[in-house]
Amino acid sequence: MVDVYAPPQTAESVAEDPGLLAGAEVILSGWGAPVMDAAFLKAAPGLEAVFYGAGSVRHFVTDELWERNVRVVSAYAANAAPVAEYALAAVLFSLKRVWHLAAAVRRERGFPPRVGIPGAYGSTVGIVSLGATGRLLRKRLEPFDLRVVAHDPYVTEEEAAGLGVELVPLEELFATSDVVSLHTPWLQETEGMVEGAHLASMKPDATFINTSRGAVVREAEMVSVLAERPDLQAVLDVTHPEPPEPGSPLYDLPNVVLTPHIAGSQGAERRRMGRLVVDELRRYVGGDPLQHEVTREREALMA
């Protein structure tokens, strides 16, 4: 489909030899893509499109890139799949209080009382933000007998009805859900959106899952609530900073499960993103409409 005229590059190699960009009409990239600012674009006068085999593009796009009308494709939709799968597994485990009870078995060397288990029948799951991952999680939850509520100021009541969710204020979502799964992108306006008061309002034995970004949560406030509420469980695949500082209480709190940012594509799952990019490149070369193009407006809403 294309003439690959140079071996794979890094941001560093391109910075050392910008002349490598002189003949580029299309760039295929992924995590670690160089920032495509005015200097980068000056070295790539023929650049028409960037195919990014990862999620959020905000780490490399610039105003200059948008103003040059360079088309941008992202594999964010493909990366949403494993995140939704992780979240689904975490939701179902949380409804059985798996981590709490497993820790109690290890600590007590016996079986603790089976109390405070919401179970996966009639319980309420709250999804914060119905972007690509939040919507996919909702779809994955459809086979289960659960009530699903959501908070997303960009979703209409009609859209929510089509998704089979009830839109509620953020405060109500936290106060009424047995499990809350956070999928909000990290933007200036969403930083610190989840406060300690939200977590403190959660039902007894509830669980908070974060697979979006740690900075969306006021971490110090979350730590205080979790220390005061040992009945709550937090499943955190992301933190801020990442990983937590060596002395962070998150390592020691018995009701916190930390995983090292693995919800997104890992191992062979990355091939799904690569396939999306190749398929989009085929459409681009053939003059067909792109299915995963990111515009300046959509970039602002991506996780």
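Please treat every number below as a calculation from the coordinates, not as lab data. Here the structure is a predicted model, which is why all the values come from computation and not from measurement. Because the Cβ atoms are built from the backbone with ideal geometry, glycine has one as well, and the counts that use them run over all protein chains shown.
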Check your understanding: Pulled fully out, how much extra length does the chain show between Glu166 and Val115, if you take 0.36 nm times their separation in residues and subtract their Cα-Cα distance?
Key -> 15.5 nm
Review point. Taking only Cα atoms, what is the 0 to 90° angle, nearest 10, from helix 219-228's long axis to the longest principal axis of the chain?
Key: 20 degrees
Point to revise | Net length gained if the chain between Asp3 and Glu228 were fully extended (0.36 nm per residue, minus Cα distance) | key: 75.0 nm
Exercise for review: Using a cut-off of under 19 Å, list every residue of the range 77-102 whose amide N is near the label point 7 Å from the Cα of Ala268 along the Cα-to-beta-carbon line.
Suggested key: 78-86
Point to revise | Computed helical MRE - 222 nm, the chain, DSSP H runs ≥ 4 contributing -39500 (n - 2.57), nearest 500 | key: -10000 deg cm²/dmol
Practice item. Could you size up the charge dipole of the range 98-181 around its Cα centre, putting +1 on the beta carbon of Lys and Arg and -1 on that of Asp and Glu, and report it in debye to the nearest 20? Key: 720 debye
Review point. Taking the Cα centre of each part, how many Å lie between the range 23-78 and the range 103-125?
Key: 48 Å
Exercise for review: With label points built 7 Å along Cα→Cβ from the Cα atoms of Glu12 and Asp37, find their separation and express it in nm.
Suggested key: 1.9 nm
Practice item. Could you sort 258-268, 75-85 so that the peptide with the highest average Cβ count within 10 Å comes first and the rest follow in order? Key: 75-85, 258-268
Review point. Dipole size in debye (nearest 20) for the range 79-258 around its Cα centre, Lys and Arg Cβ +1, Asp and Glu Cβ -1?
Key: 840 debye
Point to revise | Check: the chain dipole with +1 on Lys, Arg Cβ and -1 on Asp, Glu Cβ, in debye | key: 1180 debye
Review point. Going by a ≥ b ≥ c, the root eigenvalues of the Cα gyration tensor, does the range 79-258 fall in the rounded group (a/c under 1.5), the prolate group (a/b larger than b/c) or the oblate group?
Key: oblate
